[in-house]
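Worksheet: one structure, shown below.
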Amino acid sequence: MSVLIKGGRIVTASEDYIADIFIENERISLIGTNLKVNADKVIDAKGKYVLPGAIDPHTHIEFPFGATTTCDTWTSATTAAAAGGTTTVVDFCVQTPGKSLAHALDAWHGKMAKNKPVIDVGFHMAITDLKKPETMTELAKIGDAGITSYKLFMAYKGAVMVDDTTLFKVLRQAHEKGALTMVHAENGDAIDVLVKEAQAKKQTAPKYHALTRPVETEAEATNRAIQLARIADAALYVVHVSCKQSIAPIATARENDWNIHGETCPQYLFFDESYLDKPNFEGAKWVYTPPPRAKEHQDHLWHALNKDVLSVISTDHCPFNWKGQKSIGKKDFAAIPNGGVGIEDRLRLIHHYGVNEGRISLNRMVELLSTAPAKYFGLYPRKGTVSVGADADLVIFDPKKSWTISQKTSHCLADHNLYEGRKVKGTPVATLVRGKVVVEDNKLVAAPGHGEYIKRANFGEKLLAKGK
Ligand code: DUC
Ligand code: ZN
Ligand code: ZN
C-alpha cells in the first residue's frame, strides 16, 4: 500500500516547509515538491500541517490502582490517542509487589492481546519491590524485552512506594545498562503523616488531596532523586513536574549539564487547585497526583518548557469514571483513585493555548510532543520526525478548524472530560500510523491490532527502521 500526501506544510522540531510525502511499506520513501508517483491513495494536505505523530510517554492503560482499574481499554485509549494525533504510547508496566517483573510483563502483553491497540506501543518497567534478589537479575535482562526505561514511585507508602535503597540500586543498574530512570517524585513518608492527620480530623473532601501533598513534598523528592542520580552517575527523568519548587532543582541540574530531565502534563498547565473545590464531589475528577497547584505555577511551567528545563509534555492518562470509581472516595479523599483523563486532547490544547496564544513556537510544540519523547525513550529517528526512512506516523492537522472538546465526541470510555466545553482552533483531521490512516475526521477507520509493540533502543541511542 502506497500513500501520497500532497502539498502539506511539514513541520518538525527544526523545519517548516511545503512538500509532498510518498509512503511505501509503512515508511516515508520520498519527500519533495510535485512528486510524480503512482500511489494507491492520495491525501490532499493543502492548507494543513503535516506533523510527526505525537508520542505519549506517560500513560496508565488497564492499570490496576488501589481498589479499581483505569477505565480505558487498550483499544479505546489508543483510538482516543490517535484521534488526538498521538501515534505511539509508552505505558507503565507495573510490578505487583512480591511478584516478578516477568509476571507484570506477561500481564501487560496479555491485556494488549485482548483489547488490541490501534497505534504503536512500548512499555516502561515500574519496579516496586526488590526484596527478592532475583528481581535485580530480571531487571538486568529487561532490555531484551525492548524495555529501556525504569520507573520508581517515591510516594504511595505501603503500596508501590520504594525506599532510597531501592531507588539507588535501580539508578546504578540503569547506569550499567544505559537505561533511563523515571521518578514519581513526592516524599511519601511525609504525605502519609499528613493524610492520616487529615483523616483523624474528619477532613474528607477532595481539596484535602492537595492540602496533604504540599509543593515542598514534591520539591524535596525531586532534589533527592537528582542527588542520588548524581552519585550513581545515572540519567534521571522526573515525571509530571507540577510546581516552581520542583522546577528549581531541575533547572540547577541542567545549568550544570547534569543528566537530569523533566516533563510536565497539560493538567498542570490548565487547571489550578480551585477545581478540587467544585461542589457535589465534582472536584474528585481533578484528584490526580501531584495535585493541581496554585495558578501562579502555570507561568513557571510554560517558562520552563520554553527554556528546555522541562523537555516533554506527556499526559499521565490515568482515567477513572466519576461514578463508581472516583466515588469510592466520597467519604475519604484518600480513597479517591488518583488519576485524570487526558490522552486525547493534548495536541489540540497545546496548539491552541501554546502556539495560537503565543506561549511556544510551532516547532517547539512538535519537539515537546513528538521529537523529544522519541529521543528520550529510544524511538528516534524511526519515530518523532518526518524524514525519509522514518515510520510514516503522521498527523494531518487543520490549524483553522474549530473544535469543541467534549466527552460526547471523545473515544475515551471515562464518563467525563476534564476539558469539557473548551473551544480550540486547530485539530487533527487524519492520523496515520506506519502509513495507514487509523483515524479520519474523528472516526476510527482501522482495525484494532494495527498497533505493534515496539522494542526500544537504549537512552541516547538510535532506533533503526523495522527489519534493519
Ligand atoms: N502517578 C502517576 O504517574 N500516574 C498515576 C498516579 C500517580 O500518582
Ligand atoms: Zn506519578
Ligand atoms: Zn502516571
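Ranking Leu362, Leu418, Leu35, Leu394 by Cβ neighbours within 10 Å, fewest first, what do you get? If you can, show how the numbers build up before the last one.
On the way: Leu362 19, Leu418 22, Leu35 15, Leu394 30.
Arranged by neighbour count, lowest to highest, Leu362, Leu418, Leu35, Leu394 become Leu35, Leu362, Leu418, Leu394.
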Query raised in the report: Mind listing which GluC sites (Glu not before Pro) in segment 318-412 are in a DSSP loop and have 15 or fewer other Cβ atoms within 10 Å?
Result: Glu357
Query raised in the report: With labels modelled as points extended 7 Å from the Cα through the Cβ direction, what inter-label distance (nm, one decimal) is found for Asp16 paired with Ile231?
Result: 4.6 nm
**Report entry** Distant-in-sequence amide H partners of Val90 (H built 1.01 Å from N, under 5 Å)
**Finding:** Asp56, His58, Thr59, Gly122
Query raised in the report: Between the helical axis of 296-306 and the dominant principal axis of the chain, each derived from Cα atoms, what acute angle in degrees is found, rounded to the nearest 10?
Result: 40 degrees
**Report entry** Eligible lysines near Lys132 by straight Cα distance, threshold 16 Å, same-chain separation 8 or greater
**Finding:** Lys99, Lys141, Lys169
**Report entry** Under 18 Å from the Cα of Lys423 - aspartates and glutamates, other chains or at least 8 residues apart
**Finding:** Glu344, Asp345, Glu357, Asp398, Asp441
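Using helices alone, I'd like the mean residue ellipticity at 222 nm for the chain: each DSSP H run of four-plus residues gives -39500 (n - 2.57), total over residue count, nearest 500.
On the way: 13 runs with 124 residues, N = 468.
After summing the helix terms and dividing by the residues of the chain, the value is -7500 deg cm²/dmol.
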Query - Cα gyration tensor shape of segment 394-457, rounded if a/c is under 1.5, else prolate or oblate by comparing a/b with b/c - result: prolate
Requested in this report: Would you mind putting 109-117, 251-259 in packing order, based on average other-beta-carbon counts within 10 Å, highest first?
Outcome: 109-117, 251-259
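Would you mind checking Lys131/Lys323; Lys244/Lys425; Lys114/Lys383; Lys48/Lys111 for any pair whose Cα atoms are more than 32 angstrom apart? Don't skip to the end; give the middle numbers.
Numbers: Lys131/Lys323 37 Å; Lys244/Lys425 29 Å; Lys114/Lys383 26 Å; Lys48/Lys111 36 Å.
Checking Cα-Cα distances, Lys131/Lys323; Lys48/Lys111 exceed 32 Å.
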Query raised in the report: For the chain, what proportion of DSSP beta bridges, expressed in % and rounded to the nearest 5, is antiparallel?
Result: 50 percent
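Antiparallel as a % of all DSSP beta bridges within segment 19-143, to the nearest 5?
On the way: 7 of 18 bridges.
Just about 40 percent of them are antiparallel.
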Report summary line: Everything considered on the Cα gyration tensor (a ≥ b ≥ c; rounded for a/c under 1.5, else prolate if a/b is larger than b/c, else oblate), segment 54-376 must be described as rounded
**Report entry** Under the Debye formula (equal points on every Cα, no solvent term), log10 I(q)/I(0) of segment 12-78 at q = 0.12, 0.14, 0.15, 0.28 Å⁻¹
**Finding:** -0.55, -0.66, -0.71, -1.35
Query raised in the report: Excluding Asp129 itself, what net charge comes from residues whose Cβ is under 14 Å from its Cβ, given Lys and Arg +1 and Asp and Glu -1?
Result: +3
Query raised in the report: Between Thr69 and Lys425, what is the label-to-label distance in nm when each label sits 7 Å out along the Cα-to-Cβ direction?
Result: 4.4 nm
Report task. Given the peptides 285-292, 439-446, 216-223, 152-159, arrange them by the average over their residues of other C-beta atoms within 10 Å, most packed first. Result -> 285-292, 216-223, 152-159, 439-446
Query raised in the report: Cα gyration tensor of segment 183-331, axes a ≥ b ≥ c as square roots of the eigenvalues: rounded (a/c below 1.5), prolate (a/b > b/c) or oblate?
Result: prolate
Query - Centre separation in Å (Cα based) which lies between segment 150-166 and segment 292-349 - result: 20 Å
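Segment 185-228: which trypsin sites (Lys or Arg not before Pro) are DSSP loop and have at most 16 other beta-carbon atoms within 10 angstrom? Working shown, then result.
Values: sites: Lys196, Lys201, Lys202, Lys207, Arg224; in loops: Lys201, Lys202.
In loop regions of segment 185-228 (DSSP not H, G, I, E or B), the sparsely surrounded trypsin sites (Lys or Arg not before Pro) are Lys201, Lys202.
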Query raised in the report: With axes computed from alpha carbons, what is the tilt in degrees of helix 244-255 against the longest principal axis of the chain, rounded to the nearest 10 within 0 to 90?
Result: 60 degrees
Report task. Quick one: angle between helix 188-200 and the longest Cα principal axis of the chain, in degrees between 0 and 90, rounded to 10, please. Result -> 60 degrees
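Values quoted throughout were computed directly from the atomic coordinates according to the rules given, and no laboratory measurement underlies them. Everything quoted here is computed from the prediction, not taken from an experiment. Glycine gets a Cβ as well: all are built from the backbone with ideal geometry, and neighbour counts include every protein chain shown.
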